[in-house]
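One structure is given below, encoded as structure tokens.
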Amino acid sequence: MDKMIREAMYWSKEGDAIRCELCPHRCLIKVGKRGLCRSRLNSAGKLFAVNYQKSISISVDPIEKKPLYHYHPGSQILSAGPNSCNLSCFFCQNHPISQEDQPTMNFSFEIIKSIFAEYKNLPHRIALTYTEPFTWYEFIHDLAAEIPDLKIVLITNGFIMDEPLSEILPKIDAMNIDIKSINDEFYKKHCGGRVQPVLNTIKKANEQGVHVEVTNLLIPGLNDSEPEITKLAKTMAEINPEMPLHISAYHPDFKCDIPRTTSQDVMDAVKLAKQHLRWVYSGNIGWGSFTDTICEKCNQTIIHRRPNNVKMLMTDKAEQPVCKICNESVWGRF
């Protein structure tokens, strides 16, 4: 067995087959086969994480790209991701690396340590992103133990079982969770999943003190109606009205040829969601007022975001950043 392959966590035997217990699919995997996510292989009656320490890409990105707007704005973050996903969205914007097998590169703990040793000004944080990091579960688990002072950030679809989620959350500093739709029928028909496990992940991560932001990809005719946007915003507000929501424009990709989302539709959705949430942002339509953080009390820009140029007009007060103009508190980690 390849030394870069590790025995998987969360599975049980069912005859010669294996029941994977990592995500709600609970794949029954026969000998020699992989689960739906392609990252877990039944080899001779044991389940192995075949993507362990293997990354589809390694780069340094602006934290805003994730997107995370209230988590160390203006900083850079080491980024990597596995060649796998446990959903099958027909509109996937990253399908070549999430839905198809691609060459990967070694991303061992030694390589990660060497990157931070060479780039000493790089913040000691890592984003597991691009595809679905929960399919990299064993790697995340072991990375936290191997480099305990490293802050781990997940850009995830949130589709995971409760027990492995509970075990991994104490190791996670921040998450952006992609909620495809607030409606379960959308998940079943278009993503091969369900919405409730995602809502559970958002709620539980928020309760356990993980910094959480949420993204929704707005697709014309599928999840962009006013009632749906309102329901999504209200549901997020019930969990935490301070939790930032990013509403991003879709473009035709993979198996979907629906025309791209217009900028106006995104901006209208942002305005609608802002009736229930304090921080709502646009995505994939360029930079402007809807990517800035505006103080709701005095209406002044407190975080101005443009490519490679983030300016903050805040001050620290009793450990909580506040607007320099009116002292209104700003939620997040800065």
State whether the residues of region 45-60 include one that is within 30 Å of Ile302 (Cα to Cα) and in the same structural domain as Ser166 (by TED's automatic domain parsing). yes
If only one of Ile147, Ile152 is buried (at least 19 other Cβ atoms within 10 Å of the Cβ) and either in contact with a helix residue (DSSP H, G or I) (Cβ under 7 Å, 6 or more places away or on another chain) or among the charged types (D, E, K, R) (or both), which one is it? Ile152
Per the filter on region 28-82, residues among the polar types (S, T, N, Q), farther than 30 Å from Thr291 by Cβ and assigned to a loop (DSSP other than H, G, I, E, B) are Ser39, Asn51, Gln53
Restricted to region 293-334, and to residues that are in contact with a Ser or Thr (Cβ under 6 Å, 6 or more places away or on another chain) and farther than 18 Å from His246 by Cβ, which residue is modelled with the lowest pLDDT? Gln320
So which residues in region 83-116 are in a loop (DSSP other than H, G, I, E, B) and either free of Cβ contacts under 8 Å to residues at least 24 places away in the same chain or not assigned by TED's automatic domain parsing to the domain that holds Ile160 (or both)? Glu100, Pro103
Could you tell me whether Gly288 is free of Cβ contacts under 8 Å to residues at least 12 places away in the same chain, touching a strand residue (DSSP E or B) at 6+ places or on another chain (Cβ under 8 Å) and not β-branched (Val, Ile, Thr)? yes
Surrounded by 18 or more Cβ atoms within 10 Å (Cβ to Cβ) and either in the same structural domain as Asp178 (by TED's automatic domain parsing) or at pLDDT 95 or above (or both): which single residue out of Ala237, Ala249 fits that description? Ala249
How many residues, within region 229-255, are assigned to a strand (DSSP E or B), within 15 Å of Lys274 (Cα to Cα) and small (Gly, Ala, Ser)? 1
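The values are calculated or read from the model by the stated rules, or taken from the named source; none is laboratory data. Model, not experiment: these values are computed from the prediction. Backbone-built Cβ (ideal geometry, glycine too); neighbour counts: all protein chains shown.
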